1. For the Cα atoms of the chain, what angle does the longest principal axis make with the long axis of helix 35-48, in degrees from 0 to 90, nearest 10?
2. Which net charge results when you count Lys and Arg as +1 and Asp and Glu as -1 among the other residues whose beta-carbon is under 14 Å from that of Leu121?
3. At 7 Å along Cα-to-Cβ for each site, give me the label-to-label distance between Gln54 and Glu33 in nm.
4. Tell me, rounded to the nearest percent, the portion of alpha carbon pairs in the chain spaced more than 29 Å apart.
5. Let me spell out the model: positive unit charges on the Cβ of Lys and Arg, negative unit charges on the Cβ of Asp and Glu, origin at the Cα centre of the chain. What dipole size does that give, in debye rounded to 20?
6. At what distance in angstrom do the alpha carbon centres of region 28-45 and region 109-166 lie from each other?
7. At most 14 other Cβ atoms within 10 Å plus a DSSP loop assignment makes a site exposed; report the longest stretch of the chain without any exposed GluC sites (Glu not before Pro).
8. Using Cα atoms only, what is the angle between the long axis of helix 19-31 and the major principal axis of the chain, expressed in degrees (0 to 90) to the nearest 10?
Amino acid sequence: WDKTVQIYQKLIKLNPQNIKVYLLLGEILIIQENWQEAINVYLAIITVNPNHFQANIELASCYRQLKQWNEAVQVYQKLLELNSQNSRVHLLLGQVFAEQENWQNTIANCQEALNLNHPNLFGVYKLMGDALREINQIQQAIAAYEKAIAIRPNSIIEKSLQKLKQ
């Protein structure tokens with residue numbers, strides 16, 4: 001990977017406007033778990049194109065890996081300002097809020113992802129159920145888990161659901 005990183009860095013020096021090379025370099029740095037360098041690469045892309053969706057998504061992901069929650073939230077909120085109808089970003093933002101134990105915002109973003117027909121309904125319902133359980137909204141948590149199980153029977157959350165029902 002080191003040789004590939006060096007090649008991409010040389011290509012960037014030759015053509016600093018080539019966003020594709022930056023993206024490829026960022027992917028390698030993520031594989032290497034070199035989060036700070038990946039952040040620098042994605043920030044370089046965003047300097048050229050502030051609204052580049054993939055660069056912003058990857059930047060927020062790197063911030064999450066470093067547990068820099070506020071920075072991740074800011075990036076996701078920026079993306080939602082650009083397109084409030086993006087269910088993926090709502091789910092990702094909900095996940096960051098869950099990592100911060102900010103259950104109300106987790107639930108709000110899960111609900112928005114559901115309203116926008118997020119393709120991973122299982123993940124949305126599971127996250128929502130987890131957040132509802134944390135704030136002792138047991139009946140709503142059960143309902144969310146049941147919806148998740150209806151999508152993916154025999155999932156690991158069935159045991160959690162049984163414990164909640166007891």
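Laboratory data are not the source of any read-out in this text; all were calculated from the coordinates shown. These figures come from a predicted structure and were not determined experimentally. Cβ: placed from backbone, ideal geometry, glycine included. Neighbour counts: every protein chain shown.
1. For helix 35-48, the angle is close to 70 degrees.
2. Surrounding charge for Leu121 is +2.
3. 2.5
4. On the way: 4423 of 13695 pairs.
When every Cα pair of the chain is considered, 32 percent fall beyond 29 Å.
5. On the way: 15 positive and 14 negative charges, 61 e Å.
Once rounded to the nearest 20, the dipole reads 300 debye.
6. So the two Cα centres are separated by 33 Å.
7. So the longest stretch without any such site is 34-100.
8. That helix lies at roughly 60 degrees to the long axis.
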